[in-house]
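Any read-out appearing in this document is the output of simple, stated calculations on the displayed coordinates, not a laboratory observation. These figures come from a predicted structure and were not determined experimentally. Backbone-built Cβ (ideal geometry, glycine too); neighbour counts: all protein chains shown.
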Number of protein chains: 2
Amino acid sequence: MAGRVEIVEVGPRDGLQNEKRAIPVTEKVALVDLLSRAGFSRIECASFVSPKWVPQMAGSAEVLAGIKRAEGVRYAALTPNMRGYEDALAAGADEIAVFASASEGFSKANVNATIAESIERFAPILKAARHIDLPVRGYISCVTDCPYDGHVEPGQVAAVADKLFAMGCYEISLGDTIGQGTPDSVAKMLLAVKNVVPVSRLAGHFHDTAGRAIANIDVSLALGLRVFDAAVGGLGGCPYAPGAKGNVATEAVAAHLERLGYHTGLDLALVNEAAAMAKAMRTG
Amino acid sequence: MAGRVEIVEVGPRDGLQNEKRAIPVTEKVALVDLLSRAGFSRIECASFVSPKWVPQMAGSAEVLAGIKRAEGVRYAALTPNMRGYEDALAAGADEIAVFASASEGFSKANVNATIAESIERFAPILKAARHIDLPVRGYISCVTDCPYDGHVEPGQVAAVADKLFAMGCYEISLGDTIGQGTPDSVAKMLLAVKNVVPVSRLAGHFHDTAGRAIANIDVSLALGLRVFDAAVGGLGGCPYAPGAKGNVATEAVAAHLERLGYHTGLDLALVNEAAAMAKAMRTG
């Protein structure tokens with residue numbers, strides 16, 4: 001076994017967003033700068049949703065302004081709507097991410113819209129981004145289980161993935177938002193999604209709530225996925241998903257992948273340093 | 001990742017059966033004796049089908065009589081019918097194996113019977129074996145692809161597995177007889193079979209014809225399988241399946257599993273020695 005596997009670092013956004021302590025901008029900048037040196041190609045570090053909703057992300061523009069941009073690294077921002085998109089652009093985001101749910105219950109709770117409505121909202125973002133060649137990543141949440149609706153049908157995930165891909169997302173990140181997926185349910189979901197989106201355009205985004213994130217990464221690897229989201233220190237979760245906590249830890253995924261013989265391009269010592277920094281930020 | 005994974009050595013039967021050279025009994029005995037020392041718990045070394053059909057197996061009784069039986073090792077024999085079963089018992093087989101196809105085309109070519117007819121033939125074997133507590137393993141061939149019928153439906157494999165398991169087979173070995181399975185097709189098949197047979201009672205039997213055996217083992221591992229068939233030296237194939245050659249090599253599987261952190265209980269040096277011996281037997 002060999003080959004390259006990329007870890008997309010989402011700790012500064014998905015991770016810190018969900019910690020209780022309000023992290024000062026300077027600390028976020030220090031974390032992103034350390035991550036930039038660790039060898040990531042993509043770091044999600046900002047979120048231009050309404051600061052009212054997610055207080056942690058209020059300083060997103062300041063973070064993007066404060067970081068030392070490393071060559072070859074794309075700094076990404078989550079944008080729920082055109083307002084967020086414009087703010088992200090103004091702040092200098094290199095790529096943006098839009099998000100939809102595979103379950104109606106979660107969509108309602110998270111963005112107060114049906115899945116179809118939430119996707120409609122992205123349309124202008126994707127159109128605008130296409131005009132300036134700005135890469136847009138699509139997140140799908142609750143790809144196996146939803147805290148409100150329970151089991152999520154693989155066909156439903158495939159339908160949302162198909163739409164996001166057709167609209168121009170260059171990659172679809174499949175999120176097990178509440179960490180309840182199993183290798184079986186993840187495999188079923190992936191087999192359905194692979195029917196509509198090339199596997200080279202898929203990423204796995206697993207939370208370790210039930211301790212199965214690595215097992216779910218393994219089955220995803222076996223089915224051809226080569227991109228995984230993770231957060232240094234295993235920070236985060238989702239404020240809108242009861243019981244959802246803990247992105248799978250970047251340092252654990254990186255060590256696992258290297259042990260399997262994959263190349264991540266990461267400096268594991270720096271990744272571990274970043275993990276320690278992230279964990280310290282948790283408590284302040 | 002950790003835990004135990006068992007390799008069932010099928011080289012002396014599935015492997016040598018399909019080599020062109022008629023292997024003398026003494027050579028087979030030497031190979032089995034070496035394998036016994038290498039740490040396998042199960043070695044398939046005999047086949048009581050009509051010697052007319054598979055000349056290589058004519059000496060099966062002599063092999064079972066000639067080997068040095070190691071403690072804790074079960075020596076298995078393939079038996080297509082009651083006559084074979086009785087011969088296997090008389091020769092001192094510790095366990096027997098019955099075989100069915102998941103595809104009608106292969107069943108017709110291999111045993112000149114429909115799948116249903118072939119399963120009916122096993123009924124008396126399984127009944128007789130139950131009375132004397134003799135373990136019976138069930139093989140299913142063509143679990144993803146058939147040289148005659150093409151793609152094989154996962155539901156068809158599950159139906160055959162369900163029947164064999166209900167009839168008393170303690171384990172079902174799922175065979176990609178022509179080595180055309182992919183991680184996707186293997187995953188689909190396994191997800192269907194796992195609905196009817198506990199994963200702890202399933203084994204994977206992959207041929208490396210297309211170079212995908214290890215990838216197929218990986219996806220099987222990710223979905224919970226912990227038993228795999230392999231043949232030292234990568235010998236064999238199937239005389240009734242055009243283009244089918246090469247069981248996955250035991251030494252390659254063992255090295256791969258150990259690298260992944262699994263314990264096989266095998267002495268890899270002895271396995272390699274057996275592989276060299278098996279390869280030499282090929283050419284005489």
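This model, with +1 at the C-beta of Lys and Arg and -1 at the C-beta of Asp and Glu, gives region B:67-146 a dipole about its Cα centre of some 140 debye.
Relative to the Cα centre, the charge distribution of the protein assembly as shown, modelled as +1 at Lys and Arg Cβ and -1 at Asp and Glu Cβ, gives a dipole magnitude of about 40 debye. A DSSP coil position with no more than 10 other Cβ atoms inside 10 Å describes the following GluC sites (Glu not before Pro) in region B:65-142: B:GLU71. Backbone phi angles across region B:265-275, fed through the Karplus curve with coefficients 6.51, -1.76 and 1.60 (θ = phi - 60°), yield HN-Hα couplings of x, 9, 8, 4, 5, 5, 4, 5, 5, 5, 4 Hz in residue order; Gly and Pro are listed as x. In the assembly of identical copies, B:GLU120 has its label point, taken 7 Å from Cα in the direction of the beta carbon, separated from the corresponding points by 6.1 nm (ascending, one decimal). In chain B, taking the dipole from charged Cβ atoms about the Cα centre, the farthest positive-side position among B:ALA254, B:ALA276, B:VAL143 is held by B:ALA276.
Using the reciprocal of the averaged 1/r over all distinct C-alpha pairs, how large is the Kirkwood radius of region B:153-284 in Å? Present the calculation step by step, with values, prior to reporting the outcome.
On the way: mean 1/r = 0.0654 Å⁻¹.
Radius from the Kirkwood sum: 15.3 Å.
For B:GLU153, the distances from its label point to the matching points in the remaining copies are 2.0 nm, ordered from shortest, with each point set 7 Å beyond Cα toward Cβ.
3J(HN,Hα) along region B:6-15, derived from phi through the Karplus expression 6.51 cos²θ - 1.76 cosθ + 1.60 where θ = phi - 60°, amounts to 9, 9, 8, 7, 10, x, x, 10, 4, x Hz, with x in place of Gly and Pro.
Cross-link reach is defined here as a Cα-Cα straight distance under 25 Å, omitting same-chain residues fewer than 8 places apart; for A:LYS194 the lysines meeting it are A:LYS127, A:LYS163, B:LYS188, B:LYS194.
Placing a label point 7 Å from the Cα of B:GLY211 along the Cα-to-Cβ direction, the distances to the matching points in the other copies come to 3.9 nm, shortest first. If you wrap the tightest convex hull around every Cα atom of chain B and split its volume per residue, you get 108 Å³.
Using 0.36 nm per residue of separation minus the Cα-Cα distance, give me the extension gain between B:ALA65 and B:ALA276 in nm, one decimal.
Details: separation 211, 0.36 × 211 = 75.96 nm, distance 2.39 nm.
Gain on stretching B:ALA65 to B:ALA276: 73.6 nm.
Backbone geometry of region B:104-114 corresponds, through the Karplus equation with coefficients 6.51, -1.76 and 1.60 at θ = phi - 60°, to 3J(HN,Hα) couplings of 5, x, 6, 4, 4, 5, 7, 10, 6, 8, 6 Hz, x marking Gly and Pro. Remark: region B:81-204 projects, on average over all directions, an area of 7.1 nm² (convex hull of Cα atoms).
If we count every other residue with Cβ under 10 angstrom of B:GLY224's Cβ, Lys/Arg +1 and Asp/Glu -1, where does the sum land?
Values: positive: B:LYS194, B:ARG226; negative: A:ASP184.
Around B:GLY224, the surrounding residues sum to +1.
Here the label points at A:ASP133 and B:GLU86, each 7 Å from Cα along the C-beta direction, are separated by 8.0 nm in the simple model. Fewest-first ordering of A:VAL98, A:VAL227, B:VAL199 by other beta carbons within 10 Å of each residue's beta carbon gives B:VAL199, A:VAL227, A:VAL98. Under the combined filter of DSSP loop state and at most 14 neighbouring Cβ atoms within 10 Å, region B:1-47 retains none of its GluC sites (Glu not before Pro).
If each DSSP helix of 4+ residues adds -39,500 (n - 2.57) and the sum is divided by the residues in the protein assembly as shown, what number results at 222 nm, nearest 500 deg cm²/dmol? List each step's numbers first, then the result.
Details: 20 runs with 228 residues, N = 568.
Rounded to the nearest 500, it is -12500 deg cm²/dmol.
The H on the amide N of A:CYS146, modeled in the peptide plane, is under 5 Å from the matching H of A:HIS151, A:VAL152, each at least 5 residues off or on a different chain. Per residue of A:183-194, other chain Cβ atoms within 10 Å of the residue Cβ number 3 on average. By the count of other C-beta atoms within 10 Å, a proxy for reagent exposure, A:THR79, A:THR264, A:THR250, B:THR177 are ordered fewest to most as A:THR264, A:THR79, B:THR177, A:THR250.
GNM remark for chain A: springs join alpha carbons under 10 Å apart, and the peak mean-square fluctuation among A:LYS127, A:LYS20, A:LYS52 falls on A:LYS52.
Of all DSSP bridge pairs formed entirely within the protein assembly as shown, close to 10 percent run antiparallel.
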